[in-house]
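Here is the structure we will look at, set down as structure tokens.
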Amino acid sequence: MDANQREFANPFGMDTACENCPELCDSRERIVHGYGDVGAEFLVVGEAPTAAAEANGVPFTGAEGGERMQDIFAELGFVRSSPKATEPDVQNVFFTYLTRCRHPERDPTDREVETCEPFLNAEIRSINPQIIVPVGERALRALALEYTTRRPDSFDIDAEHATTIRGRGFEIVPMREPAGMTDAEADAFIEHLRGEVLSRDYRQTKGRQNR
């Protein structure tokens with residue numbers, strides 16, 4: 001955690017009363033901005049908050065895959081609290097979404113993803129991660145469009161899960177949605193990061209200095 005960071009929740013002070021998507025303003029319980037270590041080398045990006053994440057106000061927590069996500073990153077040494085924690089104690093990882101508001105009856109529209117893009121871009125620029133973990137097909141394709149030379153429609157999350165893709169200035173390690181992930185797929189992701197990423201000097205991707 002950065003020595004100057006005071007809290008994990010929305011550490012960049014992003015707008016918690018955004019009204020850019022009127023339909024979501026009427027249906028959301030709260031806006032769920034990013035959570036974690038602002039000096040992180042690992043950035044995890046999902047599509048949108050689940051009901052549990054919205055209730056907690058913290059990405060990737062609670063039911064619907066949040067506990068599995070916290071367990072995976074605990075195994076990797078980035079989460080120091082229980083997978084059931086609603087405000088995890090984290091290090092070297094930042095959790096966020098393409099969109100910050102949840103509609104209870106549908107997935108985000110393309111327009112809503114575009115409207116939220118400045119929030120994600122600001123987090124990426126501020127954190128300057130080494131590894132980005134897109135969670136699910138939509139997050140993978142959105143990041144591929146912006147940060148790789150491949151066509152977004154050339155990516156398949158089932159095929160790309162637990163692999164490394166070279167991006168522009170960092171590496172992308174896709175992950176299937178944790179709510180639908182099998183134990184074997186979770187183990188494959190953990191072993192890939194341990195064996196192919198953490199076991200080597202991934203910082204050479206950008207020549208970043210150690211912090």
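Laboratory data are not the source of any read-out in this text; all were calculated from the coordinates shown. None of the values given here were measured: they were computed from a predicted structure. Virtual Cβ from ideal backbone geometry, glycine too; neighbours counted across all protein chains shown.
Span-like helix criteria (full DSSP H runs; alpha carbon extent of at least 20 Å along the helix axis; mean Kyte-Doolittle hydropathy of at least 1.0) are satisfied in the chain by no helix. The charge dipole of the chain, taken about its Cα centre with unit charges on the Cβ of Lys, Arg, Asp and Glu (plus for the first two, minus for the last two), comes to roughly 840 debye. For the chain, modelled as a Gaussian network with Cα springs under 10 Å, which listed residue fluctuates most, A159, A186, A85? Answer for the Gaussian network model of the chain: A159. Here the chain carries DSSP beta bridges of which approximately 35% are antiparallel, counting only pairs with both residues inside. Computed extension length for R125-R80: 13.6 nm, one decimal, from 0.36 nm per residue of separation with the Cα-Cα distance subtracted. Remark: the R151-C25 segment gains 42.1 nm on full extension, using 0.36 nm per residue and subtracting the alpha carbon distance. Taken about its Cα centre, the range 92-211 carries a charge dipole of about 740 debye when Lys and Arg each add +1 at the Cβ and Asp and Glu each add -1 at the Cβ. Karplus-based coupling profile of the range 153-167, in residue order and whole Hz: 6, 8, 9, 10, 4, 5, 6, 8, 3, 6, 10, 10, 10, 6, x, with θ = phi - 60° in 6.51 cos²θ - 1.76 cosθ + 1.60 and x standing for Gly or Pro. The H on the amide N of G46, modeled in the peptide plane, is under 5 Å from the matching H of T96, Y97, L98, V135, each at least 5 residues off or on a different chain.
Counting only helical runs of four or more DSSP H residues, what would the 222 nm mean residue ellipticity of the chain come to if each run contributes -39,500 (n - 2.57) and the total is spread over all its residues?
Numbers: 7 runs with 65 residues, N = 211.
Roughly -9000 deg cm²/dmol at 222 nm, from the helical runs in the chain.
What does the net charge come to around H192 if you take all other residues with beta carbon closer than 13 Å to its beta carbon, with K and R at +1 and D and E at -1? Provide the component values of the computation, followed by the final result.
On the way: positive: R176, R194, R200; negative: E75, E160, E171, E185, D187, E191, E196.
That works out to -4.
Under 5 Å from the amide H of V90 lie the amide H atoms of R80, each residue being 5 or more positions distant or on a separate chain, with H modelled from the backbone and absent for Pro and chain starts.
Tally Lys/Arg at +1 and Asp/Glu at -1 over every other residue whose Cβ is under 11 Å from the Cβ of R138; what's the total?
Values: positive: R141; negative: E47, D107, D110, E137, E177.
Combined, the nearby Lys, Arg, Asp and Glu give -4.
Computed from backbone phi, the HN-Hα couplings of the range 26-40 come to 7, 10, 7, 8, 6, 7, 10, 7, x, 9, x, 7, 5, x, 5 Hz, rounded to whole numbers (Karplus: 6.51 cos²θ - 1.76 cosθ + 1.60, θ = phi - 60°; Gly and Pro given as x).
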